[in-house]
Amino acid sequence: MAHDHDHQTENEGLMPNLEHDEHAHDDHGHHVHVTPFMPMLLVFVGLLCLTALTLWTAKAEYFYVSNSVNLTVALIIASFKGLLVAAFFMHLIYDKAINTVVVVASMFAVVLFITITMIDIGTQDMVDKTEKGEIAVGGSVQIQVDESGNRQVTRGVYSPFWSDNPGLSIVEQAKNDPENVKKYNKSHAHDDHSGDDHSGGDH
Amino acid sequence: MTTAPISSGAELAAKREPHEDYVHQHHWRNAADEAEAAKFGMWLFLATEVLLFSGFFCAYAWGRMTHYGTWREASHAYLDWKIGAVNTVVLLLSSFTIVMAIRELQLARKWRAFVYLGITNLCAIFFLVAKIALEYLPKLQDKKLPGANFWYYNPHGTHDHLFMSVYWISTATHGVHVLIGVLVISWAMYWTARGRYGPKNFMFVENTGLYWHIVDVIWIFLFPMLYLV
Amino acid sequence: MGHHDRPYYASKETLWKTIWSWIYTVDHKKIGVMYLCAVLLMFFLGGVFAMALRAELWEPITNVTKQVQAEVQATDDAGRLVYENGAEVLVPVLNDDETPVLDADGEPKVEPKKNDAGQKVNAEGEPLGDPVMTPEVDADGNPVYEEVIEREGELFKGWTSESGTVNSNNVYNRLFSLHGTIMVFLFIIPAIPAALGNIFLPIMLGAKDVAFPKLNLGSWYIYIIGGLFAVYSLIAGGVETGWTFYTPYSTSTNWGSVTSMVLAAFILGFSSIFTGMNFIVTVHKLRVPGMGWFDMPLFIWALYATSIIQVLATPVVGITLLMLVFERTLGIGIFDPALGGDPVLYQHFFWFYSHPAVYIMILPGFGIVSELIAVHSHKRLFGYRAIAFSSIGIAAVSFLIWGHHMFTSESPSANVVFSALTFLVGLPTAIKVFNWTSSLYKASISWTTPMLYAAFFIFCFTIGGLTGPPLATLATDIHLHDTYFVVAHFHYVMMGGTVLAFLGGLHHWWPKFTGKMYNENWARLASILVFIGFNITFFTQFFLGTQGMPRRYATYVPEFELLHKISTFGSWVLAIAFLMHAVVFAFSLAGGRRAPRNPWGGLTLEWYADSPPVEHNFSHEPLLTHGPYDYDLVVPPGWDPADYPLPDPEAVARAHGH
């Protein structure tokens, strides 16, 4: 092994003795892009118009479609405003692309964070009713079997997020469901009996 | 100040603005690299700011999803959209003026830049004063406070306190950012007046502007979410 | 300039100037060394907690029912109680007018004679002392037995605080919480990037410093402030929430000092963010002329990927912990189910950061191992680009899989998605392991301490990695969730991975940044002991976990006693091995041989710098003329070509069949 060959001062082959003057470097490559006046003013006016548009769509009676739609519209306008600010006021369109990459990456992380979390929150109480009418964890499909043994498969979505009756708990919604009123009563009637043979029908 | 004519080179040098003799830090190869790196670093910082606020947006989305009914009612019942709208316009104006301040610095017109920065700062202070005087103090008096401290005598829905939690923590965090912005812009004003910033060296003001814009952008999103829909 | 020929840590004229030169330094090497000291201190502190909790688990806490003969206080013939210094003296109770007090039967009341201090005294006025006990007998003269329940196996008992008596379980809860919090937030996250990365990232890029030296110093001071908050929390009673601070326990518990610990983690996050920002900009803007992206050493690639995660994930934990503080102080209720909030939302917030944080911990370790294997086996690394891209791939995938920490709390549909995505992360990690092992094929390996650590890393990390799929699979995870299997899995990855890589890197670069060699034989012995002790400690825990031993319990059923004893024994071996390392380093600093410029034969730029480097790293800006692992083309700097025969190009061509 050559551990003892210590050439602290030799071996400059890879480090040519450059004249390393800190001030001698070329500063002329630093072209300043002077912010133009007129585009910025236009962007500012555009932002004011978009603010007015947000107010109008949110407050005018005839624009009210539903709460979710209006929120979406407001957020789309806000995104457009944010885009204007980022592109012009924050010079993204004049700068190197790497800054845009940073913005896109952060937006990607934000969207990921919120959407995946909301997917979980929105499906927390999305449960499946099995053929016996019990509520069990797993899946999102509801299967009904009628008297003649035909299977009817429907989407069993009992999440406040998707429901027509916002604000109700899952149990309340399930109880309100006309399909279930019968079933709830039936299962209570079965309390007196021993087994869970709901399928038998005749006791 | 004497008004004697300039007679020597040393005196001429003394009359130069500091920004004209700007030298980049020693570990950079040239000033362009330094400026680009400063801006790139600032953008990375802004990415962290966006992600910081994404927590509030996520909490808002959660509330909207799980307390769907009360969430929109609370917004209309407790917040005055007119104050929010005025503050939005004020912040947009301040964003525009700080862009103009940078333009003036690039053109070496420091007093114009100073005035633009001053307008920006006045807007920021207006925003804060309006926020505190017209929104926070009346809400404090009515005990429209976050979470467990919500004791408003005439609550609108069952989960109003959670809406007020999201409102308070997101706008207060935003307000703290505005306050930091006021301090940084004041610093920029001071050194602009002293002539530190000019065409060769405006990166501090530029980065201040970037920070200020992101504060603006976050408000652009908070305003419709909290006040309008 | 004078500083171009003196080591970066050379002392100044006076002691105060020397100290000031460290306090106020913007030199990345000094900041890195200060970080190194701090993280090693925190490693010691976390290690002490780990030893204590393993000691508590040496035997289970059990309630033992014993039959003991009952005792009563002895009496003399007159029925008076007997004490050490004789029997008590009964005196009549007197009214104010000196007449005796009569009881219900009309007899005079008597009471034991007492002195002014209220102690019972004998006839001579001396205190009576302790009572004399005698076995109790029943009416027939048979001894009477009573059942006594004793708690055995309690190591920490009888501590009291303002909140009441602290029993062994509380102490144990604090021990594992402090172990976790300190090891995660104060040791393992800053260990490699902020300490070794800070020292070597600019040198390996051929730069004079990081992009923002003042921010670098600021990050160090923020770390110190965060550390002070953590130490305050420790003194003020600690936390017993676990390092995850899950709500609603963390928002409702009054034990200890949760708020300050949460604030500590919040502050430490900023330190991490600033280091990450600095590294990203440095890599982009300060590479030496001639160094393209694919001429960077793989350690830099790994640090770059780490920094991306630090910048994009850490702010979310910042806001999470801030909201937790608001929750505790203002009761905002978003995470509090009593107010309509959702604790599962907290888990999403927390794991959005903390799962990527797992890769903040391990990715720099990957980078170090790539360096170690290339340098100490003197061979071109196999699959450079694959390893580089897999680092970035891991960083990207890390943001998609946080939900696998929440399989028992999130919705079934989200579970399925996260389970599937979790398997993705196996691809880039496997690419790395295969490339490392391929690189070792037909290499001339020097079994130095760093190389030993690289080999141990591959062994342990593979075990840790392959025990991941059972935890990513929904069906098996429900069984293994919150058992010792999980504990063993993440210790195999975090300790068997990151800590071993950290130690390997520390030995690898020790000669460079201290300028001293360490004793290779003792260090080898210590490293082998670390490996043995680590495996004894944690391999047993896989068995414990599969048999159902839950994590975070201070006690267990007797069936687990043998495995727990083996595990605790392993922790002692580990402690001895770490102390040996500390002694080896101390001897090296005190009287180690002067390190040559390039003791191992590395080709990356830090081996062109002096040992230790001068203040701005290089006396002249280096010019890159070869890749980082061109061992078949270049004789390493400082080595004699006679000792380092390069392959004959013609022979190589023949071997390849040309």
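Things worth noting here:
- Whole-number accessible area per residue in Å² for the protein assembly as shown, which is evaluated in the context of all protein chains at 1.4 Å: 43 Å²
- Interface of B with C. Using a 1.4 Å probe and counting protein heavy atoms only, the two chains hide about 3000 Å² of accessible surface, both sides summed.
- Largest accessible area first, the listed residues A:Thr51, C:Thr75 line up as C:Thr75, A:Thr51 when surface is computed with a 1.4 Å probe on the assembled protein chains.
- Two-site FRET efficiency, C:Glu136 against C:Arg552, from Cβ-Cβ distance with R₀ of 56 Å, rounded to 0.05: 0.80
- FRET efficiency, A:Ile93 to A:Ala52 (Cβ-Cβ, R0 30 Å, nearest 0.05): 0.75
- Order of exposure, largest accessible area first, which applies to C:His626, B:His26 with probe 1.4 Å: B:His26, C:His626
- The chymotrypsin sites (Phe, Trp or Tyr not before Pro) found in segment C:1-88 that occupy coil by DSSP, while having at most 11 further C-beta atoms within 10 Å, are C:Tyr24.
- Contact order for segment C:71-135, expressed relative to its length and based on alpha carbon pairs under 8 Å spaced 6+ residues apart, stands at 40 percent.
- Multiplying the residue separation of C:Val91 and C:Phe459 by 0.36 nm and subtracting their alpha-carbon distance yields 124.3 nm.
- The heavy atoms of C:Asp103 offer some 60 square angstrom of accessible surface to a 1.4 angstrom probe.
- Chains A and B together bury some 5100 Å² of accessible area, summed over both sides, with a 1.4 Å probe.
- The GluC sites (Glu not before Pro) of segment C:142-251 meeting both criteria, a DSSP state outside H, G, I, E and B (loop) and at most 11 other C-beta atoms within 10 angstrom of the site's C-beta, are C:Glu162.
- Computed from the Cβ-Cβ distance with R0 of 60 Å, the FRET efficiency linking C:Tyr221 to C:Gln119 stands at 0.55.
- Paramagnetic label reach from A:Val34 (point 7 Å along Cα→Cβ; backbone nitrogen cut-off under 16 Å): within segment B:103-120, residues B:103-113.
- Solvent-free Debye scattering, log10 I(q)/I(0), computed from the Cα coordinates of the protein assembly as shown at q = 0.06, 0.08 Å⁻¹: -0.61, -0.97
- Summarising the amide proton neighbourhood of C:Tyr83: residues at separation of 5 or more, or on other chains, whose placed amide H is nearer than 5 Å comprise C:Glu88, C:Val132.
- Taking the alpha carbon gyration tensor of chain C, multiplying each eigenvalue by 5 and rooting it gives semi-axes of 61, 28, 26 Å, largest first.
- Among C:464-474, B:51-61, the order from most to least packed when residues are scored by Cβ within 10 Å on average: B:51-61, C:464-474
- Label separation (B:Gln141 vs B:Leu122): 2.8 nm, computed from points 7 Å beyond Cα along the C-beta direction.
- Taking B:Asp216, B:Asp33, B:Asp80 in turn, the Gaussian network model of chain B (Cα-Cα springs below 10 Å) assigns the largest fluctuation to B:Asp33.
- Cβ-based charge dipole, the protein assembly as shown, positive-most Cα from A:Leu92, C:Tyr35, C:Thr241: A:Leu92
- Charge dipole (debye, nearest 20) of chain B; +1 at Cβ of Lys and Arg, -1 at Cβ of Asp and Glu: 260 debye
- Residues of segment C:345-374 buried by at least 10 Å² on assembly (accessible area, 1.4 Å probe, chain alone as reference): C:Leu345, C:His348, C:Phe349, C:Phe352
- Split the accessible area of the protein assembly as shown by element, probe 1.4 Å, and carbon with sulfur accounts for 64%.
- Total buried accessible area between A and C, probe 1.4 Å, nearest 100: 3400 Å².
- Sequence of C:His507, B:His177, B:His156 when ordered by accessible area, the most exposed leading, probe 1.4 angstrom: B:His156, B:His177, C:His507
- Dipole magnitude of the protein assembly as shown, debye to nearest 20 (Cβ charges: Lys/Arg +1, Asp/Glu -1, about Cα centre): 5020 debye
- Helix runs (DSSP H) in chain C reaching 24 Å along axis by Cα, Kyte-Doolittle at least 0.0: C:28-56, C:213-235, C:258-285, C:298-329, C:343-376, C:449-466, C:520-546, C:561-591
- The Rg/Rh ratio for segment B:46-228 is 1.06, where Rg is the radius of gyration of the alpha carbons and Rh is the Kirkwood radius.
The values are calculated or read from the model by the stated rules, or taken from the named source; none is laboratory data. These numbers were taken from a predicted model, which means no experiment stands behind them. Ideal geometry is used to build each Cβ from the backbone, glycine not excepted, and the neighbour counts take in all protein chains shown. The protein model used for the area step is the full one, side chains on, heavy atoms only, and it has no ligands, DNA or RNA in it. Shrake-Rupley method; radii C 1.70, N 1.55, O 1.52, S 1.80 Å.
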